[in-house]
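See structure below.
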Amino acid sequence: MSEESTIELTGLREDNPRDFLAALGLLRLLNFHWPDAGAGLGWTDGGAGRITLRGALDPGWSGTITQTLGELSGEHPSPVFHGPVIKTGPGEFRSAALRSLEFESGASARLPSLLYAAYSSQVVDEKGDAVEPSWFSFGNGQSGKNLLKDVAELICSLAPDDIGNTVVGGCTLTSGKSLRWCPEEFRPAAYRPHDPGSGLAGDEHRDHPALNVLAFIGLTFYPSVPTGRGGVTLGFVAEDRTRFFQWPIWGSPMESDEVFSFVCGDPADLRKERGVCRIWRARRFSAEKSLYFSNAVRVA
């Protein structure tokens with residue numbers, strides 16, 4: 001590889017928390033698979049992501065990533081999944097985390113352990129003998145909200161070119177499993193044409209499965225850590241008992257290690273960081289027995 005090339009992420013928006021996580025997830029996977037390419041992520045003035053590389057990737061790069069993810073999710077036991085939900089007993093979680101550290105296969109050998117650092121801090125929930133999940137997690141064991149099971153099904157549904165086509169805005173919306181990390185997914189019953197529980201056709205939320213998968217990989221940039229007041233997921237701020245996910249937007253491309261130290265810094269210091277163009281935040285709230293992200297608000 002010699003000449004610089006770019007992947008214009010015109011299918012992603014900087015003010016959408018799910019899309020931001022998806023950009024991070026794509027960066028992580030590119031750096032794992034092609035470390036010599038020096039993939040870096042930056043953002044344009046128009047609000048779209050941009051991946052910069054030293055040279056052009058093989059035309060089949062999207063299929064290579066999809067195949068790797070399929071192999072990881074299809075193994076038994078899988079090094080990235082310990083069951084349908086993140087919240088589980090501390091013993092089971094610890095065994096799965098140790099198993100992820102022992103995984104040494106292929107380009108994504110480090111991915112399982114990074115995901116387990118994000119899933120939970122291993123702090124036990126006060127209401128029961130189970131680890132507290134990441135603050136990104138909407139998995140609570142109810143039908144349709146089993147995060148790990150949903151991600152596995154999303155990965156299985158991907159065609160080889162779906163990731164590459166979706167990030168550049170070339171795929172149509174489809175019905176499928178949801179992580180509920182896209183603000184557009186909150187649709188109150190009062191604003192729907194009929195009862196959302198009626199099962200009538202046409203009420204399904206349509207989205208991009210590839211972006212949900214990439215957003216899941218983007219969790220690797222936000223580990224959960226124990227504190228004296230329970231588990232905390234980096235990247236979140238709390239004001240008046242309300243949690244907000246807060247993320248910076250920068251111009252010049254940065255590789256994974258740089259991005260990791262950058263996005264996990266103290267939110268109060270981000271305004272002082274050189275290269276920060278904008279800062280967004282989205283409220284995490286509960287409604288209709290589910291958890292959602294609000295539309296993002298620019299705070300700097």
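The values are calculated or read from the model by the stated rules, or taken from the named source; none is laboratory data. Predicted model, so just to flag it, every value in this text is computed and none were measured. Heads up, the Cβs are rebuilt from the backbone with ideal geometry, glycines too, and the neighbour counts pull from every protein chain shown. Heavy atoms of the whole protein, side chains included, go into the accessibility calculation; ligands, DNA and RNA do not. Shrake-Rupley method; radii C 1.70, N 1.55, O 1.52, S 1.80 Å.
Points worth noting:
- Each residue in segment 1-43 was checked for being open to solvent by 30 Å² or more (accessible area, probe 1.4 Å) and assigned to a loop (DSSP other than H, G, I, E, B), and 7 pass.
- Flag for S256 being at pLDDT 90 or above and surrounded by fewer than 16 Cβ atoms within 10 Å (Cβ to Cβ): no
- For P112, the conditions (1) under 18 Å from N212 (Cα atoms); (2) open to solvent by 10 Å² or more (accessible area, probe 1.4 Å) are fulfilled apart from (2).
- Verdict on A152 being more than 30 Å from I51 (Cα to Cα), modelled with pLDDT of 90 or more and not in a loop (DSSP other than H, G, I, E, B): no
- Here N295 meets each of (1) in contact with a strand residue (DSSP E or B) (Cβ under 8 Å, 6 or more places away or on another chain); (2) at pLDDT 85 or above; (3) open to solvent by less than 30 Å² (accessible area, probe 1.4 Å) with one exception, condition (3).
- Of all residue pairs spaced 6 or more apart or on separate chains, those with beta-carbon atoms under 7 Å, a first member in segment 90-107 that is within 14 Å of P77 (Cα to Cα) and a second member that is at pLDDT below 90 and β-branched (V, I, T) are F93/V131.
- Residue list for segment 74-96, filter: open to solvent by 20 Å² or more (accessible area, probe 1.4 Å) and part of a helix (DSSP H, G or I): G74, P90, G91, E92, R94, S95
- Looking across segment 48-66, the residues that are open to solvent by 10 Å² or more (accessible area, probe 1.4 Å), under 21 Å from the mean Cα position of the chain (by Cα) and either under 30 Å from S294 (Cβ atoms) or hydrophobic (A, V, I, L, M, F, W, C) (or both) come down to A48, R50, W61.
- Residue within segment 221-244 that is assigned to a loop (DSSP other than H, G, I, E, B), touching a Cys at 6+ places or on another chain (Cβ under 6 Å) and either open to solvent by less than 30 Å² (accessible area, probe 1.4 Å) or closer than 22 Å to L147 by Cα (or both) present: yes
- Considered as a group, the residues in segment 108-149 that are among the hydroxyl-bearing types (S, T, Y) and in a loop (DSSP other than H, G, I, E, B) include one that is modelled with the lowest pLDDT, and that residue is S143.
- Checklist (1) part of a strand (DSSP E or B); (2) at pLDDT 95 or above; (3) over 20 Å from I279 (Cβ atoms) applied to R50, failing item: (3)
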